[in-house]
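Below is one structure, written out as structure tokens, with a few remarks after it.
Readers should treat all values here as calculations from the given coordinates under stated rules, not as data from a laboratory. All figures in this text were calculated on a predicted structure; none of them were measured in a lab. Using ideal geometry, Cβ is built from the backbone for each residue, glycine included, and neighbour counts are taken over all protein chains shown.
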Ligand SMILES: CC(C)(COP(=O)(O)OP(=O)(O)OC[C@H]1O[C@@H](n2cnc3c(N)ncnc32)[C@H](O)[C@@H]1OP(=O)(O)O)[C@@H](O)C(=O)NCCC(=O)NCCS
């Protein structure tokens, strides 16, 4: 998918292409227990995480952006196709939560990526991510559930969708 190399957004937020040197920083973000609880996601260990990201870096069909806040690597945002549906996902450093960075990053991504519909699966308890999606024009289109790899418990999810008819 074609996309620009970097895109300056409001509030000191910038999306740029992911560089291999960002991966150890993403790994630290991904290992945060509070973030894992929020996303109902079991952290990958270093080797699995690096292998996963090297695969992503080699896949031109995946849109992957580093989110910069000033000159800090604040997190990442991705857009990829799975079973014929386009999905978005994002992950921010815990120390930068609550500053509007994810909202700006997602708004920037959906402005860059023209494909619709775009979907996101979000744990029902992930109030922050739900708010980010709503602020970017996504609306609930369904529900899903998946087993949490850590506990085996079933995680209830909302499916959010940004359709071509959404206001954004
Ligand atoms: C979810 C996440 C991306 C939010 O990032 P963020 O930069 O803090 O989000 P924003 O600052 O843009 O916040 C957007 C809105 O959500 C609200 N919000 C953010 N985190 C919240 C929380 N934990 N509880 C309640 N509201 C929250 C903000 O108040 C804001 O709402 P408002 O504008 O109405 O005040 C971030 O917490 C994160 O990376 N979490 C771990 C990974 C994850 O959950 N990824 C998404 C998987 S679907």
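For the stretch 144-160 and the stretch 82-142, what is the separation of their Cα centres, given in Å?
That distance is 17 Å.
Based on the mean of other Cβ atoms within 10 Å per residue, sort peptides 23-31, 106-114 so the most packed one is first.
On the way: 23-31: 16.6, 106-114: 18.7.
Averaged packing, sorted descending, gives the order 106-114, 23-31.
From the convex hull of the Cα coordinates of the stretch 1-98, what is the mean projected area in square nanometres? Walk me through the numbers before you get to the answer.
Details: hull surface 27.0 nm².
Projected over every direction and averaged, the Cα hull of the stretch 1-98 covers 6.7 nm².
Taking every pair of alpha-carbon atoms in the stretch 6-162, give the share separated by more than 20 Å as a whole percent. Walk me through the numbers before you get to the answer.
Working: 5953 of 12246 pairs.
For the stretch 6-162, the fraction of Cα-Cα distances above 20 Å is 49 percent.
Which of the peptides 121-133, 40-52 is most tightly packed, and how do the rest follow, going by the mean number of other Cβ atoms within 10 Å of each residue?
Values: 121-133: 18.5, 40-52: 14.2.
Descending mean neighbour count gives 121-133, 40-52.
Can you bin the stretch 101-168 into rounded, prolate or oblate? Criterion: square roots of the alpha carbon gyration tensor eigenvalues sorted a ≥ b ≥ c, rounded for a/c under 1.5, prolate for a/b above b/c, oblate for the rest. Don't skip to the end; give the middle numbers.
Working: a/c = 2.40, a/b = 1.85, b/c = 1.30.
It is prolate, given that a/c is not under 1.5 and a/b is the larger ratio.
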